[in-house]
């Protein structure tokens, strides 16, 4: 598993064109999200309906997406059942942007630890809160500040949070243009195929952008 992850990062580094992350106004705002890509393989699936005992296997793309250009400056590929929240640390570490101001994410990433990780890179977290979320810090100043900011001005807070739609837009374009299904059979090649789709998507944006 670890070897696959390392090889995937090497592929990404080898194909990143220099200069494509040049910041424009608004590119310091980042959205984090995940989406699935199906494979040709099938796995057993527990379902009370007898005609649905298996389903397609899938991989999950975790990505950070910028607000204006909607490029993907960092990504991770995991098995489909992997949780979203633990991937945030890797996504933030791989960000090639030096002046990230905000990071928006849905409630799958909601935790005090993730708020602290975002604050550690000099950014403010905008993670969708749950109904039972409180301002109790439990040692996380970033968490407390995020909740208090939402309470003070929910309209302004939600405007920042909705930067998250940038990730949904990017995922939609990738799937429509490069396909939502992976054709490779081997797991390591499936990971590389998925990352290649994202790299091609980034290069397509670079070709249309003056930097």
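Only the coordinates and a few stated rules stand behind these numbers; no lab work does. Being a predicted model, the structure only gives us computed values, none of them experimental. FYI the Cβ positions are ideal-geometry reconstructions off the backbone, even for glycines, and counts take in every protein chain you see.
Quote the FRET efficiency, to the nearest 0.05, computed for residue 56 versus residue 113 with a Förster distance R0 of 25 Å and r equal to the Cβ-Cβ distance. Intermediate values should be presented prior to the final figure.
Numbers: r = 32 Å, r/R0 = 1.30.
E(calc), rounded to 0.05, equals 0.15.
Could you give the length gained by full extension between residue 89 and residue 138, i.e. 0.36 nm per residue of separation minus their alpha carbon distance, to one decimal place?
Computed gain between residue 89 and residue 138 is 15.7 nm.
Using Cβ counts within 10 Å as a stand-in for footprinting exposure, how do 182, 189 rank, fewest first?
Details: 182 22, 189 13.
Sorted ascending by nearby Cβ count, the order is 189, 182.
Between residue 120 and residue 148, what length in nm is gained on full extension when 0.36 nm per residue of separation is reduced by their alpha carbon distance? Before the final figure, lay out each step's value.
On the way: separation 28, 0.36 × 28 = 10.08 nm, distance 1.89 nm.
Stretched fully, the residue 120-residue 148 segment lengthens by 8.2 nm.
Could you tell me what a quarter of the Cα convex hull surface of region 137-211 works out to, in nm² with one decimal place?
For the Cα atoms of region 137-211, the hull's average projected area reads 8.8 nm².
Kindly put 199, 205 in sequence by how many other C-beta atoms sit within 10 Å of each C-beta, fewest to most.
205, 199
Fewest to most neighbouring Cβ within 10 Å: what's the order for 101, 152, 76, 27? Mind dumping the intermediate values first?
On the way: 101 15, 152 9, 76 24, 27 20.
Going from least to most buried by this count: 152, 101, 27, 76.
Please check which bits of region 171-189 a label hung off residue 38 would reach, taking the label as a point 7 Å along Cα-to-C-beta and the cut-off as backbone N under 15 Å.
Residues passing the 15 Å test: 175-176, 179-184.
With label points built 7 Å along Cα→Cβ from the Cα atoms of residue 205 and residue 181, find their separation and express it in nm.
2.7
Apply 1/(1 + (r/R0)^6) to the Cβ-Cβ distance of residue 188 and residue 156, taking R0 = 35 Å, and write down the FRET efficiency to the nearest 0.05.
The value I calculate is 0.20.
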